[in-house]
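Please read the structure below before turning to the comments.
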Amino acid sequence: MEKEEKTKKQFPYEDILSLSRPVSRTHPPMPRLERAAQFSPFAALTGYDTAIEEAARQTEPKRELDEQRQDLLNEALERLAQKKAGEVCLEVTYFCPDEKKAGGHYETMTAFFAKLDFFEKRICFTNGVRIDFAQLFVLKEVEKTEQDTKENV
């Protein structure tokens, strides 16, 4: 008798384990696809994953130019004012401000010089890129290569 009580305590639903699932006489069985949809993951916080990724994304602050570097940039811009479009190939490092967070990142690009837009305070390149003077960090002239010349045409 004691053994039967232990068995009932360990397996309280043993008597119904072997029975078939009850079938309603008034409601038709739910299709498997709809039944499975009940148990699919629920996104209670839509956009939460995107917000977490955005918060984790790193940016760096814009570096302030010292007087010497600013003078070098000004001299390079003065020399460029005398050049013609497509004549000079430049390597430019510039700051790209982030649209969503404080800071941004630095990019380096090699392209042919097109013109200086003093009204908009920008340097324009033949590939269509325009960079504000205030975002420039390094500006240097580099040798033209055959590949650069083909890309320019």
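Observations on the model:
- In this structure, Leu116 qualifies as in a strand (DSSP E or B), among the aliphatic types (A, V, I, L, M) and over 30 Å from Ala56 (Cβ atoms).
- Test: residue in the stretch 65-77 that is over 50 Å from the mean Cα position of the chain (by Cα), at pLDDT 85 or above and not hydrophobic (A, V, I, L, M, F, W, C): no
- Whichever residue in the stretch 29-48 is in a helix (DSSP H, G or I) and surrounded by fewer than 10 Cβ atoms within 10 Å (Cβ to Cβ) and, among such residues, is nearest to the chain's Cα centre (by Cα): Gln38
- Within the stretch 9-23, restricting attention to residues that are among the polar types (S, T, N, Q) and assigned to a loop (DSSP other than H, G, I, E, B), the residue that is nearest to the chain's Cα centre (by Cα) is Ser20.
The values are calculated or read from the model by the stated rules, or taken from the named source; none is laboratory data. Source: prediction; values computed, not measured. Cβ coordinates were reconstructed from backbone atoms using ideal geometry, including for glycine residues, and neighbour counts include every protein chain displayed.
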